[in-house]
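This report concerns only the one structure given below.
The values are calculated or read from the model by the stated rules, or taken from the named source; none is laboratory data. All of these numbers come straight from a predicted model, not from anything done at the bench. Cβ placement follows ideal geometry from the backbone for every residue including glycine, while neighbour counts extend to all protein chains displayed.
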Amino acid sequence: MRGLFITGTDTGVGKTVLSAALVAAMAAAGEPVRAHKPVVTGLDDSAGGAPATWPAWPADHELLAAVAGMTPEEVSPLRFGPAVAPHLAAQLAGAQIDPAQIVASARESAEGATLIVEGVGGLLVPLSDDFTVCELAASLALPLLIAARPGLGTINHTLLTLRAARAAGLEVAAVVITPWPAEPTLLERSNRETIARLGTVEVDTLAAVAGPDPDELARAGGLLPWREWLG
C-alpha cells in the first residue's frame, strides 16, 4: 500500500489541513489519491479541523472528501458527535470500535490509489480500550508525517511524539510545522531548527491558507516534497 499517515503532536495542530493540502496537491498533479480518517469525533461542535489561529473550516471528513472527490462517509466510516477521544465517543454512543475492522477499512480505502490517512489527535490517543493511533499506524506501515505547532511548547510535544513513533518502529518521513507564518519570529525559527537538530528529522513547513479552497490547498501542498515522502 502506497501512502502517508498524518499524525499530530496534539489535537488542533493542523493535521486535517495538512492532509487536505497533500490530497489536493496530489490530485492536481494527476496522482490517484484517496483520503481516510478512521474515526471522526466532535461533530456536535462543527469548528472544523484547522488550528484556532486559522479561519473556520468544514468538519474534517467533509474537507477531506471535498478534495479527494469522495463522500464524507467514505472518508470516515465511524462518526461521533461528542468532542472526546474515540474510545469514549464510542462508549457514549453505545458502540464498540473493533481494531481489526479499523485496519481492514483503511486498507480497503486505498483501492489502488495513494492513501492519505489522518489519525485522531496524537499517536497515543486510544481508538478503543486497547488500541491506539500509534498501533494503527504501525499496522498500516505507511511513512509518518507529524504535524506540529510553530510556537511555544512545540519542541517538547514534537520530540515526545518522535520518541513514541520511533519506539513503535514507525518510519518518520518529516515533521511539518503548521501554520508557518510569512514572517516567523525568532522563537519560531529557533523551534524549527531545534526540532530538526535534536530530533534528527526533516522539518518542513506549511503556510497558512485562506480557506478550504481546493486550488489554495493544492498550492500549499504542492510546495511540500510529497513525492520524496512517498518514495
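Some observations on this one:
- Some residue of the range 95-109 being among the polar types (S, T, N, Q), at negative phi and free of Cβ contacts under 8 Å to residues at least 24 places away in the same chain: yes
- Selection of the range 47-71 for residues being in contact with a helix residue (DSSP H, G or I) (Cβ under 9 Å, 6 or more places away or on another chain) and either modelled with pLDDT under 90 or part of a loop (DSSP other than H, G, I, E, B) (or both) yields G48, G49, A50, P51, W54, W57, P58, A59, G69, M70, T71.
- Each residue in the range 180-210 was checked for being modelled with pLDDT under 95 and buried (at least 18 other Cβ atoms within 10 Å of the Cβ), and 1 pass.
- Per-region count, the range 151-195, residues farther than 17 Å from G121 by Cα, free of Cβ contacts under 8 Å to residues at least 12 places away in the same chain and not acidic (D, E): 6
- Each residue in the range 110-129 was checked for being under 23 Å from V13 (Cβ atoms) and either basic (K, R) or not in a strand (DSSP E or B) (or both), and 3 pass.
- Put simply, of L124, L88, L92 the only residue that is touching a Cys at 6+ places or on another chain (Cβ under 9 Å), surrounded by fewer than 22 Cβ atoms within 10 Å (Cβ to Cβ) and free of Cβ contacts under 8 Å to residues at least 60 places away in the same chain is L124.
- Between T41, T7, the distinction of being polar (S, T, N, Q) and modelled with pLDDT under 95 belongs to T41 only.
- Residue within the range 203-221 that is farther than 19 Å from L64 by Cα and touching a Leu at 6+ places or on another chain (Cβ under 7 Å) present: yes
- Residue satisfying all of: in the range 60-113; under 18 Å from A25 (Cα atoms) and among the acidic types (D, E); farthest from the chain's Cα centre (by Cα) among these: E62
- Filtering the range 82-102 to residues that are outside any loop (DSSP other than H, G, I, E, B) and either more than 24 Å from V13 (Cβ to Cβ) or of a type outside the set (A, V, I, L, M) (or both) leaves P86, H87, Q91, L92, P99, A100, Q101.
- Count of the range 2-32 residues which are within 15 Å of A147 (Cβ to Cβ) and in a helix (DSSP H, G or I): 9
- Within the range 196-222, being touching a residue at least 24 places away in the same chain (Cβ under 8 Å) and in a loop (DSSP other than H, G, I, E, B) holds for V201, E202, A208, V209, A210, G211, P212.
So that you can scan it fast, the table gives a plain yes or no per residue for (1) closer than 24 Å to A220 by Cβ; (2) over 19 Å from the mean Cα position of the chain (by Cα):
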| position | (1), (2) |
| --- | --- |
| L115 | yes, no |
| G122 | yes, no |
| L140 | no, no |
| A164 | no, no |
| W180 | yes, no |
| E183 | yes, yes |
| L187 | yes, yes |
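- Restricting attention to the range 130-151, the residues that are part of a loop (DSSP other than H, G, I, E, B) and surrounded by fewer than 20 Cβ atoms within 10 Å (Cβ to Cβ) add up to 4.
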